[in-house]
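Notes follow once the structure below has been shown.
The values are calculated or read from the model by the stated rules, or taken from the named source; none is laboratory data. Keep in mind that what you see is a predicted model, and the values were worked out from it rather than measured. Don't worry about glycine lacking a Cβ; one is built from the backbone with ideal geometry, like all the others, and counts go over all protein chains shown. Ligands, DNA and RNA are stripped out before the accessible areas are found, and what is left, the full protein with its side chains, is counted by its heavy atoms. Shrake-Rupley method; radii C 1.70, N 1.55, O 1.52, S 1.80 Å.
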Amino acid sequence: MPPAAPSFALLPGAARSPVILHVPHAARDLPGDVRAGIVLDDEALARELDHITDAHTDRLAEAAAGRAAVTPWRFVNRLSRLVVDPERFPDEREEMRAVGMGAVYTRTTHGAALRPEDFEAGPLVERYFLPYARAMTRAVTDRLAATGRAVIVDVHSYPSRRLPYELHGDGPRPPVCLGTDAFHTSPALLAAAREAFGETGLDSPFGGTYVPLEFYGLDPRVEALMVEIRRDTYMTEPGGAAGPGLERLAGALAALVDAVSG
């Protein structure tokens with residue numbers, strides 16, 4: 001059964017832009033039938049959404065797109081990552097399965113049960129994960145056809161203090177963490193991000209990038225970088241309002257977009 005409404009949106013940019021700002025974790029919405037499969041009460045679910053949602057990153061990407069000289073494309077998830085997490089591997093390759101956070105989460109950020117132990121993830125993968133992956137693959141294919149390359153910039157945020165689910169959270173927590181991939185993150189892309197954001201760290205506390213599996217490790221024309229912004233630099237944690245830091249960061253993200261759009 002397909003979703004009643006699109007669970008994601010591809011927001012057009014300039015025809016000559018190779019850049020896709022990917023915003024997978026900004027939403028809090030859950031369809032009613034998906035909510036029914038979550039064992040948390042409403043108060044506990046609201047707390048979990050505060051912790052797990054990359055709040056305001058959709059606004060950040062929108063503001064950056066508006067400032068960029070060449071408007072980037074934006075691929076935005078309209079549903080919470082508690083429905084499916086489109087950035088996880090859907091199989092045993094995903095290390096976050098160890099803490100119940102594969103493509104479909106079964107545990108919370110603090111290790112509590114999110115779904116019943118016998119929950120079957122397959123229907124959610126079919127209904128939400130696979131259509132999202134196919135649409136993102138098409139978006140990248142279109143940028144390759146139009147410009148000869150594609151640059152995926154993931155827009156994320158992370159808490160200033162480590163949460164229990166983090167597998168690699170004992171390292172530095174810089175204002176901006178840049179997640180990289182040895183194949184898909186070029187030195188030029190990384191240098192542009194460091195120039196745009198100023199104080200950054202590399203692959204700590206989160207590393208890696210998102211690339212659709214059709215291209216992953218295979219097509220060097222697809223570049224990718226993950227931008228993880230520490231939440232206390234632009235919002236009230238854990239799930240509060242955005243502050244003035246959002247506009248500053250939007251300017252930095254726009255500078256990165258401009259640097260790699262040429």
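Mind checking which of ARG67, ARG221, ARG107 has the largest fluctuation in a GNM of the chain, springs on alpha carbons under 10 Å?
It is ARG221.
List the pair-distance distribution P(r) of the range 99-200, using every Cα-Cα distance, as the percent of pairs falling in each 5 Å bin from 0 up to the bin containing the longest distance, rounded to whole percents.
Percent of Cα pairs in each bin: 2, 9, 13, 15, 17, 16, 15, 8, 3, 1.
Please work out the C-alpha center-to-center distance from the range 202-262 to the range 105-129 and express it in whole Å.
26 Å
Using every alpha carbon pair in the range 8-63, what percent of pairs falls into each 10 Å bin from 0 up to the bin containing the largest distance?
Pairs per bin, as whole percents: 19, 41, 25, 12, 3.
Where in the range 114-201 are there GluC sites (Glu not before Pro) that are in a DSSP coil and have at most 13 other Cβ atoms within 10 angstrom of their Cβ?
Numbers: sites: GLU117, GLU120, GLU126, GLU166, GLU195, GLU199; in loops: GLU117, GLU120, GLU166, GLU199.
Here the sparse-neighbourhood loop sites are GLU117, GLU120, GLU199.
Quick check: convex hull of the Cα atoms in the chain, volume per residue, rounded to a whole Å³? Don't skip to the end; give the middle numbers.
Values: hull volume 31.0 nm³, N = 262.
So the per-residue hull volume is 118 Å³.
Two decimals is fine: what's Rg over Rh for the range 173-242, C-alpha atoms, Kirkwood radius as Rh? If you can, show how the numbers build up before the last one.
Numbers: Rg = 13.5 Å, Rh = 13.0 Å.
Taking Rg over the Kirkwood Rh, I get 1.04.
Relative contact order for the chain using alpha-carbon pairs under 8 Å, separation at least 6, rounded to a whole percent? Could the numbers behind the result be given before it?
Details: 505 pairs, mean separation 64.5, N = 262.
Normalised by residue count, the contact order of the chain is 25 percent.
Please report the antiparallel percentage of the DSSP beta bridges confined to the chain, to the nearest 5.
Details: 11 of 31 bridges.
Restricted to the chain, the bridges split so that about 35 percent are antiparallel.
Of all the accessible heavy-atom surface of the range 78-171, with the other protein chains kept in place and a 1.4 Å probe, what percent is carbon and sulfur?
Numbers: 2050 of 4170 Å².
Of all accessible area on the range 78-171, carbon and sulfur atoms account for 49 percent.
So what is the accessible area of the range 1-119 per residue, in Å², with the probe set to 1.4 Å?
Values: 5350 Å² over 119 residues.
I get 45 Å² per residue for the range 1-119.
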